[in-house]
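Taking it in order: structure first as structure tokens, then the write-up.
Just so it is clear, none of the values below were taken in a lab; they were calculated from the coordinates. This is a predicted model, so every value here is computed, not measured. Using ideal geometry, Cβ is built from the backbone for each residue, glycine included, and neighbour counts are taken over all protein chains shown.
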Amino acid sequence: MSFRIRAAVDDDLQHLYEMAKLTGGGFTNLPPDRRALTAKLERSHAAFARTDGPVQDELFVLILENTETKEVRGTCQIFTQVGQSYPFYSYRIGQLTQHSRELNRTFRAD
């Protein structure tokens, strides 16, 4: 089984939409919204078509494709200037659990 990464094309909209629905709507960069995904594809097409000038605030949408079946298996997005036009925040909410054998206790921190 071989895969390739390629630029997304308009025909990938349905595949992107199906993947977006699997996220449950909680994945900011892959919203289950056809209009938003279409706008991302248009922005990506423009970024790939650009041939000169300084790097701008661009978006490249890529697709992971099975080369034998042509089945779309994944996607990613590359943003060229994150945080330039507006602040970028990234955070993770999690729980840290540690166990001490010596004390025979488990500690959890939220």
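Measuring nothing but how far apart in sequence close Cα pairs (under 8 Å, 6+ apart) lie, relative to its length, the chain scores a relative contact order of 24 percent.
Entry note, the chain: the mean residue ellipticity at 222 nm calculated from DSSP H runs of n ≥ 4, each adding -39500 (n - 2.57), is -7500 deg cm²/dmol after division by the residues and rounding to the nearest 500.
Work through the residues other than Ile78 whose Cβ is under 14 Å from its Cβ and net out their charges, Lys, Arg +1 and Asp, Glu -1.
Spelling it out: positives minus negatives among the neighbours equals +2.
Computed over every Cα-Cα pair of segment 3-109 and binned at 5 Å starting from 0, the pair-distance distribution P(r) comes out as 2, 10, 16, 17, 15, 11, 7, 6, 6, 5, 3, 1, 0 percent.
Between Ser2 and Phe27, the modelled label-to-label distance comes to 2.6 nm, taking each label 7 Å out from Cα in the direction of the beta carbon. When you count the other C-beta atoms within 10 angstrom of each residue and take the mean per peptide, 94-102, 69-77, 32-40 line up highest first as 32-40, 69-77, 94-102.
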